[in-house]
Amino acid sequence: MSYQRLGINTGHRKAMLRNLVTSLFRDERINTTETRAKEVRSIAEKLVTTAKQNDLAARRQALAYLYEEEVVRKLFDKIAPKYADRTGGYTRIIKTGYRRGDAAPMVVLELV
């Protein structure tokens, strides 16, 4: 499996991605750069697929990755049942322009 290093060390990158995924499930929409959104999308899609199993092992896997317990509850009780008949493609990336400071391409990542 290939991934982007995002110009930061491993611990910082993993923590940042966990924060972004937690925020995505909590708020159902986040603004971020395009490369970060593509990394978060793959993780989020896997977590939704895991949550669709709706058993204790899946819940523990989600708790091990996400930072907030209420976000895991929301993932299993509201988000996963919404995608029960869908086999993938739970997120959408919408381009919004470029960041003023460094001209990085910005996007909105949201749940479909």
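Throughout, read-outs are computed from the coordinates displayed, never taken from laboratory work. Everything numeric here is computed off the predicted structure, so don't read it as measured data. Cβ atoms come from the backbone with ideal geometry, glycine included; neighbour counts cover every protein chain shown.
Tabulated data for the structure shown
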read-out	value
Cβ crowding within 10 Å averaged over residues, with 62-70, 97-105, 84-92 ranked highest first	62-70, 84-92, 97-105
Helical contribution to [θ] at 222 nm, DSSP H n ≥ 4, -39,500 (n - 2.57), averaged over the chain, rounded to 500	-14500 deg cm²/dmol
